[in-house]
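Q: Have a look at the structure that comes next, please.
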Amino acid sequence: MPRGSRRAKAAGTPTAEPRELTAFYLALEANPGDTVTLRALADWLEERGAATPAACLRWLAAEGKAPYRYSRGNELIHYHESWQEGWWWWTSSREKSPWGYPKTCTLPHKLWRKLRHTFDYSPCVFKEYPTVRAAIEAVLEVWVPMPAKPRRKGEG
């Protein structure tokens, strides 16, 4: 469950996860870039007192960010047999040449480097997760608000 959200416990036994939360993540598993679902999940979390994770989800939606679904046979330029299938976030500043993934799965390096990962070594350009939920929650765990983009002359 994202940091800042609440879950009631009785006598030390965790309660079942809310059906709505499960439904949001199932929808994101099917379509991780769905901005409507990301924003709805953000609203749902904010209504439950989780303003920081909600802000992160709204940023992901506004920036069009979603983890990349890697599977063997994808057309990446660079790959290795040991890489696990799953959902990946990439850093936006460490590559010397493109690898063939969509830019929607890149995160600013300052954010990306804080993400936990599943490797036995320190990854240099991507981090992998078994599910969309795990990938999104990894970002929620380390989120700090991103600085606002400077407005161009004539905008809002």
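The values are calculated or read from the model by the stated rules, or taken from the named source; none is laboratory data. Because the structure is predicted, anything quoted here is derived from the model rather than measured. Every residue, glycine as well, gets a Cβ built from its backbone with ideal geometry; the counts of neighbours run over all protein chains shown.
The rows are residues; the columns are (1) of a type in the set (A, V, I, L, M); (2) out of contact with any Leu (no Cβ under 7 Å at 6 or more places or on another chain).
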site: 24; (1), (2): no, no
site: 30; (1), (2): yes, yes
site: 36; (1), (2): yes, yes
site: 57; (1), (2): yes, no
site: 61; (1), (2): yes, no
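Q: Select from region 13-71 the residues that are of a type in the set (Lys, Arg) and touching a Lys or Arg at 6+ places or on another chain (Cβ under 8 Å) and write down the one among them that is nearest to residue 108 (Cα to Cα). Full working, then the answer.
A: We begin by selecting, within region 13-71, every residue of a type in the set (Lys, Arg); these are 19, 39, 48, 58, 65, 69.
Next, from what is left, pick out any that are touching a Lys or Arg at 6+ places or on another chain (Cβ under 8 Å): 39, 48, 58.
Details: 39: 20, 48: 28, 58: 16 Å.
Looking at the filtered set, the residue picked out is 58.
Q: Moving on. Just need a number here: residues in region 38-56 that are in contact (Cβ under 8 Å) with a residue 24 or more places away in the chain and either in contact with a strand residue (DSSP E or B) (Cβ under 9 Å, 6 or more places away or on another chain) or among the charged types (D, E, K, R) (or both).
A: 1
Q: Moving on to the next point. Could you tell me which of the residues 59, 83, 112, 44 is over 18 Å from residue 27 (Cα atoms), surrounded by 15 or more Cβ atoms within 10 Å (Cβ to Cβ), modelled with pLDDT of 95 or more and aromatic (Phe, Trp, Tyr)?
A: Values: 83 fails: modelled with pLDDT of 95 or more; 112 fails: modelled with pLDDT of 95 or more; 44 fails: over 18 Å from residue 27 (Cα atoms).
From the options 59, 83, 112, 44, the qualifying one is 59.
Q: Ok, one more. Looking only at residues that are of a type in the set (Val, Ile, Thr) and over 24 Å from residue 67 (Cβ atoms) in region 1-41, which one is modelled with the highest pLDDT?
A: Let us first name the residues in region 1-41 that are of a type in the set (Val, Ile, Thr), namely 13, 15, 22, 35-37.
Okay, now just the ones that are also over 24 Å from residue 67 (Cβ atoms), so 13, 15.
Working: 13: 53, 15: 63.
So, considering only residues that are of a type in the set (Val, Ile, Thr) and over 24 Å from residue 67 (Cβ atoms), the one modelled with the highest pLDDT is 15.
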